[in-house]
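Quick notes on the structure that follows.
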Amino acid sequence: MKMSAEVKKTIAECGPAIIATASKSGRPNVSPKGSLRVVDDEHVVFADVRSPRTISNLEENPYISIICLKMPERKGCRIWGKAEIIDSGELFDQWSQEMAARNMKPNHIVKVAVDEFIVF
């Protein structure tokens, strides 16, 4: 699904996004991600630096929900989609270089195909 300009702007301006996943059996996990970015009109990405449960859940169940909040305004968006775990290739290399400048190293990059979103 093509994201609106308002959703893209919200993602760019929000603090850490909240990422929700669930295992195949339904065990939930919630994790903050300061690295959420828009890749194109239909995808967002974030880095896994220290998120073994997020990755484990996504390996079993690729469906994900993301909340981005702009706290002072109490505005934001919610995104639902399907995640792809990436550990090599151009996108991974690009993120690895960007994060190295902050003394961080991603274990994975998670690319999410946006299925649905709402702005609130």
Output for region 66-90, where each listed residue is exposed (fewer than 15 other Cβ atoms within 10 Å of the Cβ), within 14 Å of the chain's Cα centre (by Cα) and at pLDDT below 95: none
Lone qualifier among 32, 62 - being touching a Pro at 6+ places or on another chain (Cβ under 9 Å), closer than 25 Å to residue 2 by Cα and free of Cβ contacts under 8 Å to residues at least 24 places away in the same chain: 32
Residues that are touching a helix residue (DSSP H, G or I) at 6+ places or on another chain (Cβ under 9 Å) and surrounded by 16 or more Cβ atoms within 10 Å (Cβ to Cβ), drawn from region 47-65: 47, 48, 64
Residue count, region 5-47 (criterion: over 24 Å from residue 87 (Cβ atoms) and in a helix (DSSP H, G or I)): 8
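The values are calculated or read from the model by the stated rules, or taken from the named source; none is laboratory data. Fair warning: this is a prediction, and the values are worked out from it, not measured in the lab. As a convention, Cβ positions derive from the backbone with ideal geometry for all residues, glycine included, and neighbour counts pool all protein chains shown.
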